[in-house]
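Remarks on the structure that follows.
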Amino acid sequence: MKKTLCVLTSLAVCLSFAGSIFAEEPAKIKLLIIDGQNNHNWKATTPVLKDIYEKSGRFVVDVATSPEKGRDMSGFKPEFSKYEALVMNYNGDVWAKETKDAFEKYVSDGGGLVSYHAGDNPFRDWKEYNEMIAIGGWGGRNEKDGPYLYVKNGEVVRDTTPGHGGHHGPQVEFLVETFAPEHPIMKGLPKAFLHCKDELYCKLRGPAKNVDILGTAFAKVNEGGTGNDEPMLMAITYGKGRVFHTTLGHDVPQCKCVGFQTTLLRGSEWAATGNVTIPCPEDYPTEDKISVRP
Ligand code: ZN
């Protein structure tokens, strides 16, 4: 009897110990990457993004791949509500009204959204999508879509000058500087990191409402830029939803930058939960030296 009690007690201790371990481990965040059409290499970048997310230990990832360009989109109806955030690796045909409505409801009801690189290129005529991403480029965007958004001498500028939206020069290494150090996504990160050779998006324009610029890069005129500090990382609110917008990550080599990966993970966690727990890794790039993972 004594022996049985002893075993039972040990078992109870073990179970409560295991319980406390599991209690401290937060449930993994469910993400859905949306791809299928893009003027970028989505077939290569989606698996890389999935790997970045899952290796962090914080996320589990599914992928929704749309029909090919020019095909009937009416059957493309991902179950957005099964996920805590959606990641746009998509730049293609307009979705069916039912899918757009479900997407709008999902974000305005509090779902997270991540716009990754060319995720800010599609859907020029979809007003609600442009409010979610704040600014976008290409696709015929111009002054009718809203102001250019950038930083000049430390001040946020909404510039209504007429002109097309979306531009980048040749790929260069550039410094991404924190603009909102107290925002949860940026808090605790070094004040700047040197990003590996990538397209430095300039001249993005759009509604530019409810947006915090988190990080900028100076677009040098002699490298095809505007001479402004251009928004690279942004946080937007749309209804009850949170949106993280990164312009970085043109292709697979750019996704290997630890600065890109860290801000993507932290931004996605914030979009999904409103909090950031993912730490700054030891191999984070410095202001002088890029850091890429194999
Ligand atoms: Zn690109």
Q. Which members of region 240-250 meet the condition of being within 12 Å of the ligand (Cβ to nearest atom) and among the hydrophobic types (A, V, I, L, M, F, W, C)?
A. L248
Q.
Quick check on region 220-235. Is at least one of its residues away from the ligand (no atom under 16 Å from the Cβ), touching a helix residue (DSSP H, G or I) at 6+ places or on another chain (Cβ under 6 Å) and open to solvent by 10 Å² or more (accessible area, probe 1.4 Å)?
A. yes
Q: Scan region 176-216 residue by residue and report those that are within 16 Å of the ligand (Cβ to nearest atom) and over 22 Å from P253 (Cβ atoms).
A: K203, L204
Q | Condition check for K100: touching a Leu at 6+ places or on another chain (Cβ under 8 Å), more than 16 Å from the ligand (Cβ to nearest atom) and open to solvent by 10 Å² or more (accessible area, probe 1.4 Å) | A | no
**Q.** Members of region 123-169 that are within 16 Å of the ligand (Cβ to nearest atom) and without any contact (Cβ under 8 Å) to a residue 60 or more places away in the chain
**A.** W138, G139, G165, G166, H167, H168, G169
**Q.** Per-region count, region 257-294, residues at negative phi and part of a loop (DSSP other than H, G, I, E, B)
**A.** 19
Q: Return the only residue of D93, D62 being open to solvent by 10 Å² or more (accessible area, probe 1.4 Å) and more than 17 Å from the chain's Cα centre (by Cα).
A: D93
Q | Residue under evaluation T226, criteria (1) closer than 26 Å to V48 by Cα; (2) in contact with a Cys (Cβ under 6 Å, 6 or more places away or on another chain), criterion not met | A | (1)
Q: Please find, among P253, P294, P279, the residue that is within 16 Å of the ligand (Cβ to nearest atom), open to solvent by 70 Å² or more (accessible area, probe 1.4 Å) and touching a residue at least 12 places away in the same chain (Cβ under 8 Å).
A: P253
Q: Considering (1) open to solvent by 10 Å² or more (accessible area, probe 1.4 Å); (2) aliphatic (A, V, I, L, M); (3) touching a helix residue (DSSP H, G or I) at 6+ places or on another chain (Cβ under 6 Å), say which one L265 fails and leave the rest.
A: (3)
Q. So which of P47, P78 is crowded, with 20+ Cβ neighbours inside 10 Å and more than 17 Å from F244 (Cβ to Cβ)?
A. P78
Q: For residues that are more than 12 Å from I185 (Cα to Cα) and among the polar types (S, T, N, Q), tally how many sit in region 270-293.
A: 2
Q. N121 is checked against (1) touching a His at 6+ places or on another chain (Cβ under 6 Å); (2) of a type outside the set (D, E, K, R); (3) surrounded by 24 or more Cβ atoms within 10 Å (Cβ to Cβ) and fails just one. What number does that condition carry?
A. (1)
Q.
Condition check: of a type in the set (S, T, Y) and touching a Leu at 6+ places or on another chain (Cβ under 9 Å). Does Y116 satisfy that?
A. yes
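The values are calculated or read from the model by the stated rules, or taken from the named source; none is laboratory data. What you are looking at is a predicted structure, and each value in this text was computed from that prediction instead of being measured. Every residue, glycine among them, receives a Cβ derived from its backbone with ideal geometry; neighbour counts consider all protein chains shown. Just so you know, the surface numbers come from the protein's heavy atoms only, side chains and all, with ligands and any DNA or RNA stripped out. Shrake-Rupley method; radii C 1.70, N 1.55, O 1.52, S 1.80 Å.
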